Structures are given as C-alpha cells and as structure tokens.
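The values are calculated or read from the model by the stated rules, or taken from the named source; none is laboratory data. Small disclaimer: the values here were computed from a predicted structure and weren't measured. Using ideal geometry, Cβ is built from the backbone for each residue, glycine included, and neighbour counts are taken over all protein chains shown.
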Amino acid sequence: MENELLQDFATESFRESLVNWFYENQRILPWRESKDAYRVWVSEIMLQQTRVETVIPYYEAFMRRFPTAEDLAAADEEDILKAWEGLGYYSRVRNLQSAVKEVVEQYGGKVPDTKEEISSLKGVGPYTAGAILSIAYGKPEPAVDGNVMRVLSRILLIEEDIAKPAARKRFEQVLYELISKEDPSAFNQGLMELGALICTPRSPGCLLCPVRPHCRAYEAGVQEGLPIKSKKKKPLPKLMAALIVRNEEGEVLIEKRPAEGLLARLWQFPNIETAGVATQKEELAAWAEEQFQVEALSKPVQTVEHVFSHLIWQITVYEARVKGRPIGESESRRWVSKQEIEQFAFPVSHQKIIQHSI
C-alpha cells in the first residue's frame, strides 16, 4: 500500500535525478574510497554531531592507527581515547570499540549484513544501521538523521516536529518506499549530500537543486520555514575552579575522571564546582589544602568556557605548589612532565588549559 505522502509524487524520476546528481557532484571524502563496512561504520560514528571538515583528519589518522576491526578490538582504551581526543562525545568511541570486539568475537571480524544482527551491536542505532547496510552492502535500508529529515520535510512538505521521536518513524516509513532499490547506497548518500551542500538549514540553494521540480515546499514557497523543530532548553551554566598543582621537579598533577558519566575516564586537572565567583578562590583553597597540602594559590591564570548540549562549564584556573613530599601516584592520579602530558587524552576544556598554562 502506497504511503499517503507519496501519492501523486514522481518517485522514479526523483530517484533518478537524485542518484545522477550524487554521482556527478559528490565530494571526494576519504571514507568514500572504500565500501568496507568497518570503515563506513567508523566514519558514520565520527560524523554524528560533528562537521565533515573536522572529521576528515581524525578519520584518516584513526584508520592509519586502527585499519581493521581486529586492530580496534585489540587496542588499549587509552589509545583510542587519545585518537578521539577533541572529537567529543567520547561514549561514541567506547561503544564503537565494544561493538567491534563483538564483531571480531562473534562474526569473525565481518560486520553483520542483516538489520537484526547489526542493530544488536552497542551504539548502533537505526541511522547507523541503515547507513552501513545501504552504503557497504547495498541494502535498501533508510538512514534517517536530522539532515535527511530536513530534506524530506521540504520535498514532501511534512509539517511535523522533527524533534519528536514519532517523526523519525514516519520518515523511515516513507523512505522504505522512496529509496532506490537498485542503488540504495547512492540514494542515501545523495540525500545526505543534498542536505549538506544545497538543502541547507538556512538559505537553501533551491535554484541549484537537482530535485527542485519535485519539491512541494518550494512550489508552495515555504521551504525556509521547514523543517518544524521545537527548541531545546538553553544549557545551564556551571561555575568551576581548576587547579594546576606543581611539584619541585616542575611536574603537574593530573587525575582520571570517574568510570561513568560525562567525559568518563578522560584525564583532567583537579577541579571542583563552586558556589559563586566571590567565594571561588576561598572554596578552592580550602579543598586543595585538604586534598593536596598545597601552598598559597596564585591569582587566576586563565578562564575557560566550554559549551555542552545541556550545560556550560565556566572554569577559572589557578596554580599552586605542593608542600614537602608530593602526593603519591595511583591508577587515577599521575605526576607528569610537560612532554609526558601529550600521551594522555583530555577533554577540550582541559586541552585549553594545557595549551595556555603548561
């Protein structure tokens, strides 16, 4: 039964126009050099919530270091976190390694080519499964992300809030009928490329669009008002103070974040959340004296702001030296030199501290 959104829609002509345009206009990207499922998988995980231009050097370096599923499965977590450093959303690479280990153990290193099996892997949601199955294996599976929903909202004039989970299901249903059965790889990549290059969030390039004759929103003159998307809550500010603790040898103290939660198991400088700007130095000094037996704190040496989707870290950085015998090392606490610190993976906010103050 035909989806009501595709009634009176020239499906075959749309497919042909989109696929032909993709082959003629696709960007040369490193992950398009091979349809190896492992490489497609890595690229799709990296591209989640990250711009293509940012991903390219990370992908190339990651592939040099972990060229096969077996290489990634056998890697030390510290090494993969360091390779991912700066990309953010670190749970992505932890989940990727966990899933790749399962692929090596359960499937002999071959990424599964069925929706049921691939969707059971950790961190592989409907979009990633659809992307791998269509691009690597040529299976007509939809790959629906925000980019694709924006394009289809305009082409089919879908006036639904794409921020709601139910909307994604509707887009998947229509794509099962719309997707090219002969070349699902080029079709899905064509939708993604169209959204990246022409059907952009603001000021879409409709005059250059290869499927403009099919676009209902363009015909109605409402393309810039779509998609409909409810606004997220503004991120909440979190006031913090970080401390660069030095010993007599000039080494600095770093510590590993907890095993669960935000930025899990990355390294950082000791820090606390503080109640207010006026009392911040006193709060940090009292905590640091108890924890590290440091001498007097310096004046603030740096301020760092880092925005997450749900909160904003506002970090004021201080320095101090330890009194007498330095604090002992442990699994989660190390003294490191300026040269050694490069071996450890830090969140972006603490990378800024390294660049400015170490």
Q) For VAL42, are the conditions met, namely being among the hydrophobic types (A, V, I, L, M, F, W, C), under 13 Å from the mean Cα position of the chain (by Cα) and farther than 20 Å from GLY138 by Cβ? A) no
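Right, VAL304: in contact with a helix residue (DSSP H, G or I) (Cβ under 7 Å, 6 or more places away or on another chain) and farther than 26 Å from LEU81 by Cα or not?
Answer is no for this residue.
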Q. Restricting attention to the range 201-236, which residues are surrounded by 12 or more Cβ atoms within 10 Å (Cβ to Cβ) and in contact with a strand residue (DSSP E or B) (Cβ under 9 Å, 6 or more places away or on another chain)?
A. PRO227, ILE228, LYS229, PRO235
Q) When you scan the range 1-30, how many residues do you find that are touching a residue at least 60 places away in the same chain (Cβ under 8 Å), more than 25 Å from LEU208 (Cβ to Cβ) and of a type outside the set (Asp, Glu)? A) 1
(Q) Which of the helices (runs of 4 or more DSSP H) found entirely inside the range 140-230 contain at least 1 residues meeting this: closer than 24 Å to ALA37 by Cα, at pLDDT 95 or above and not polar (S, T, N, Q)? (A) 146-155, 165-178, 184-197
Q.
When the residues of the range 140-180 are narrowed to those that are without any contact (Cβ under 8 Å) to a residue 40 or more places away in the chain and in contact with a Leu (Cβ under 7 Å, 6 or more places away or on another chain), which ends up nearest to GLU219 (Cα to Cα)?
A. PHE171
(Q) Within the range 216-270, take every residue that is in contact with an Asp or Glu (Cβ under 9 Å, 6 or more places away or on another chain) and charged (D, E, K, R) and give me the one that is nearest to LEU6 (Cα to Cα). (A) LYS229
**Q.** Single residue of PRO270, PRO258 found to be free of Cβ contacts under 8 Å to residues at least 60 places away in the same chain, surrounded by 15 or more Cβ atoms within 10 Å (Cβ to Cβ) and under 23 Å from GLY86 (Cα atoms)
**A.** PRO270
Q) Within the range 32-49, restricting attention to residues that are in contact with a Lys or Arg (Cβ under 9 Å, 6 or more places away or on another chain) and at pLDDT below 95, which residue is surrounded by the most Cβ atoms within 10 Å (Cβ to Cβ)? A) GLN48
Q: Please find, among GLY86, GLY109, GLY125, the residue that is assigned by TED's automatic domain parsing to the domain that holds SER43, surrounded by fewer than 16 Cβ atoms within 10 Å (Cβ to Cβ) and free of Cβ contacts under 8 Å to residues at least 12 places away in the same chain.
A: GLY125
Q: Restricting attention to helices (runs of 4 or more DSSP H) lying wholly within the range 1-110, give those where 2 or more residues are touching a Ser or Thr at 6+ places or on another chain (Cβ under 8 Å).
A: 11-25, 37-47, 52-65
Q.
Take the residues in the range 296-320 that are surrounded by fewer than 16 Cβ atoms within 10 Å (Cβ to Cβ) and farther than 25 Å from LYS234 by Cβ; name whichever of them is modelled with the lowest pLDDT.
A. ALA296
Q) Across the range 1-31, which residue is surrounded by the most Cβ atoms within 10 Å (Cβ to Cβ) among those that are among the charged types (D, E, K, R) and at pLDDT below 95? A) GLU2
